1. For region 372-383, name all the residues that are touching a Ser or Thr at 6+ places or on another chain (Cβ under 8 Å) and open to solvent by 10 Å² or more (accessible area, probe 1.4 Å).
2. Within region 234-258, track down each residue that is under 31 Å from the mean Cα position of the chain (by Cα) and assigned to a loop (DSSP other than H, G, I, E, B).
3. How about region 397-424: which of its residues are assigned to a helix (DSSP H, G or I) and under 30 Å from L52 (Cβ atoms)?
4. Please work out which one of (1) open to solvent by 40 Å² or more (accessible area, probe 1.4 Å); (2) assigned to a helix (DSSP H, G or I) is the condition S199 fails and give its number.
5. From A120, A110, A103, which residue is free of Cβ contacts under 8 Å to residues at least 60 places away in the same chain and either open to solvent by less than 10 Å² (accessible area, probe 1.4 Å) or not in a helix (DSSP H, G or I) (or both)?
6. Considering only residues that are surrounded by 14 or more Cβ atoms within 10 Å (Cβ to Cβ) and either closer than 16 Å to V485 by Cβ or among the acidic types (D, E) (or both), which ones fall in region 535-551?
7. For region 134-160, give me each residue that is of a type in the set (G, A, S) and either at pLDDT below 90 or open to solvent by less than 10 Å² (accessible area, probe 1.4 Å) (or both).
8. Filter region 277-292 for residues that are of a type in the set (A, V, I, L, M) and open to solvent by 10 Å² or more (accessible area, probe 1.4 Å) and give the result.
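The values are calculated or read from the model by the stated rules, or taken from the named source; none is laboratory data. Just so it is clear, the structure is predicted and the values come from calculations on it, not from any experiment. So basically every Cβ, Gly included, is an ideal-geometry build from the backbone, and we count neighbours across all protein chains shown. Heads up: the accessible areas ignore ligands, DNA and RNA and are worked out on the full protein's heavy atoms, side chains in. Shrake-Rupley method; radii C 1.70, N 1.55, O 1.52, S 1.80 Å.
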Amino acid sequence: MGGEAGNAGMSAATRAVLRRLPSLPILRWGKEYGRDTLVSDLLAALIVTIMLIPQGLAYALLAGLPPEAGLYASIAPLVLYALFGTSRVLAVGPVALISLMTATAIGDLAVAGSPEYWSAAIALAFLSGLILCAMGLLRLGFLANFLSHPVISGFISASALLIAAGQLNTILGIEARGHTFVEIVANLARHLPQTQSLSAAVGLCAAAFLFWARTALKPLLVRRGIAPRTTDAIVKSAPVAAIAATTLPTWLLGWHEQGLKIVGSVPAGLPPLTLPSWNPALWEALLLPALLISVVGFVESVSVAQTLAARRRQRIEPDQELVALGASNLSAAFSGGFPVTGGFARSVVNFDAGARTPAAGIYTAAGVGLASVMLTPALYYLPQATLAATIIVAVLSLIDVDIFRRTWIYSKTDFVAMLSTVAATLTVGVETGLVTGVAVSLALFLFRTSRPHIAEVGLVPGTEHFRNVLRHPVKTSPRLVSLRVDESLYFANARTLEDRVNEAAAKHPELQHLVLQCSAINVIDASALESLEAIEKRLREAGIALHLSEVKGPVMDRLKHTEFLHGLSGKVFLTHYQAIGELTPEVMDPLAAR
């Protein structure tokens, strides 16, 4: 009997532990899976697969890896995300920005295309996966909030320009590389007379066709009466058409023998089992790039996931997304891939194509796996210029020119952060550009909050509302000054509050009461508390009582345990209207006073 009781107790404890663990999202949507959902997911998977195959090949080359690495990175990560991800439509795989950051991170560590280079890319994916999983388990998704939207937009736009410029040498058939946009443009201009005409013709024609397909093909098909889903499938398959239209004549006419660079042999088969390198020196060199790739990938992924989820009144869990992306990157590391994240374009296509659950990602992975086994021999004569055109057309759509105008009009400080990010990314590099954007944003935030808006307020006649005396006709008393602090109080702005209070005391010789309206104060740190104590002491010595009004609960909870509150010369009022009514009743409206 004792043994049975012990087993029962252990079972209950085990159940309690299991209840604390997060459930796999697949267990939730899997219960609702039916035939209609299956058909929708299969159709979406077909469209995304057609789109993903050329993108995977192109982004692998962008990362400096053999093209098959792009296919490998498009299989296991999709499956792992389907198991752990909370977005129903996010399509995980290689993306242009992360591929560029991968090339930048390992470009100085090994020769592009070499086994050592590939090994470093695998290690980078592994480290990124570990960092993302750790952030998810520690619930550190909020750290991504330090990347403001203007900084991210500027970073993406600058990176898109950098990527597009870096692909022009492949289209033109010349050797004109560089680490920065300035270097690339200078080298392109220097080597322009050496342009390989056949490569330029193929690449420019492919780019022109892809631009036309993005802008004009869909309206043309709609006017012809073709169904919307069929239209979308045709438009998204334009890169496949470009590949076929350039690969076939290369094979038939022997363009590769005339100087046109081709992809060459692409091994057929499913992704191999690979193990990350355990070289401590390599890990140390890749740790910071892996952290930046993890944060940027998470921000890009969660942004599109939240946007698409809102359209269907669904929600995602950012911390769970960190774990899902971490698992995806770990799976890429163990299957010959490189860092991945949720792609904006593919996810939107997946959404528009009618995907209902992450199972669409599993079907997409199966489609890419099938292509890896059966279709790779057909890629031998694929011109590299075609893949370069695919990359250029894809990344140029990421450039948001209008956001620069909007940001300049609305916030000059945010515009400075954005412009700093763009300038650093183009002139120094992607990693420095991102760090610069974050640093400038934080510096501007500290500067702005170190000079908080502190308004002297008065009562709007006939109401219980208080407004800035410089903006509205209000009622005040020479015996009382009300200061509304429109910022949390911390070490950087505590001195500003002291100066403002001293100014108010000197300006009003009849002053008997000073009330701090605290409705906008969310935090008071230790430095600000010392400033409040100094303010209270100086005012008391001058015969002025210090009062507080509308103190928020969490702030009050902390102040209750301080000597400042116990020794306060004035009172703490629930509302500012109550404070004015008790301290200076003559300010109140006669009707309200009765």
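1. The initial filter retains those residues of region 372-383 that are touching a Ser or Thr at 6+ places or on another chain (Cβ under 8 Å), namely 378-383.
Listed by number, the residues that qualify are A378, L379, Y380, Y381.
2. Across region 234-258, the qualifying residue is only S237.
3. If we filter region 397-424 for residues that are assigned to a helix (DSSP H, G or I), which is where we start, we get 402-410, 412-424.
Residues satisfying the conditions are D402, I403, T421, V422.
4. Among (1) open to solvent by 40 Å² or more (accessible area, probe 1.4 Å); (2) assigned to a helix (DSSP H, G or I), the lone unmet condition for S199 is (1).
5. Numbers: A120 fails: free of Cβ contacts under 8 Å to residues at least 60 places away in the same chain; A103 fails: either open to solvent by less than 10 Å² (accessible area, probe 1.4 Å) or not in a helix (DSSP H, G or I) (or both).
Going through A120, A110, A103 in turn, just one is free of Cβ contacts under 8 Å to residues at least 60 places away in the same chain and either open to solvent by less than 10 Å² (accessible area, probe 1.4 Å) or not in a helix (DSSP H, G or I) (or both): A110.
6. Within region 535-551, I535, E536, L539, L546, H547, L548, S549, E550, V551 meet the criteria.
7. Quick first cut of region 134-160, residues of a type in the set (G, A, S) only: 134, 136, 141, 144, 148, 153-154, 157-160.
If the condition is that a residue be of a type in the set (G, A, S) and either at pLDDT below 90 or open to solvent by less than 10 Å² (accessible area, probe 1.4 Å) (or both), then G136, G141, A144, S148, S153, G154, S157, A158, S159, A160 are the ones that fit.
8. Applying the first criterion (of a type in the set (A, V, I, L, M)) to region 277-292 yields 281-282, 285-288, 290-292.
If the condition is that a residue be of a type in the set (A, V, I, L, M) and open to solvent by 10 Å² or more (accessible area, probe 1.4 Å), then A281, L282, A285, L287, L288, L291, L292 are the ones that fit.
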